[in-house]
Amino acid sequence: QVQLVESGGGLVQAGGSLRLSCVGSGRTFSNSARGWFRQAPGKEREIVASIGSSGATYYVDSVKGRFTISRDIAKNTVYLQMNSLKPEDTAIYYCAADRTHSRLRVGVAEYWGQGTQVTVSS
């Protein structure tokens, strides 16, 4: 059974940091694109950041300079380092994986995690 499991969410004050992790199991994701999405209450899910198999990265404008996506292929894990957090970053964060970066960037993914809540207080 293929699974993506997120961890690292929580409650943090504005200006603080969190590091999300997403571990894959059941298959290797070394040749897959990996990404992070988020969905706030009453809003549509949006991509936050993604990383292709080549290491190329993409960030939504609202998180550029604050968030960093990285991956550890040996551990089948992708990370999202979130700094200078703002209340508007509050959302459920989901990790995802797909065979192509271009598909993932538009929200198409073969695999999704269950999500982890991030709450940023003002």
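Of note:
- The slack in the chain from Ser53 to Thr68, taken as 0.36 nm per residue of separation less the alpha-carbon distance, amounts to 3.8 nm.
- Helical runs assigned H by DSSP (4 residues or longer) give the chain a calculated mean residue ellipticity at 222 nm of -1000 deg cm²/dmol, each run adding -39500 (n - 2.57) before division by the residue total.
- Taking only protein heavy atoms and a 1.4 Å probe, the accessible area of the chain is 46% carbon and sulfur.
- Largest accessible area first, the listed residues Trp36, Trp112 line up as Trp112, Trp36 when surface is computed with a 1.4 Å probe on the assembled protein chains.
- Check: the chain dipole with +1 on Lys, Arg Cβ and -1 on Asp, Glu Cβ, in debye: 200 debye
- Probing with 1.4 Å while keeping every protein chain in the model, the per residue accessible area of the chain equals 50 Å².
- If the chain linking Gln13 and Ala40 were pulled fully straight, counting 0.36 nm for each residue of separation and taking away their Cα-Cα distance, it would gain 8.0 nm.
The values are calculated or read from the model by the stated rules, or taken from the named source; none is laboratory data. This one's a predicted model, so the numbers in the text were calculated from it and none came from an experiment. Quick reminder, even Gly has a Cβ in these numbers, built from the backbone with ideal geometry, and neighbours come from all protein chains shown. Side chains included, ligands, DNA and RNA excluded: accessible areas come from the protein's heavy atoms. Shrake-Rupley method; radii C 1.70, N 1.55, O 1.52, S 1.80 Å.
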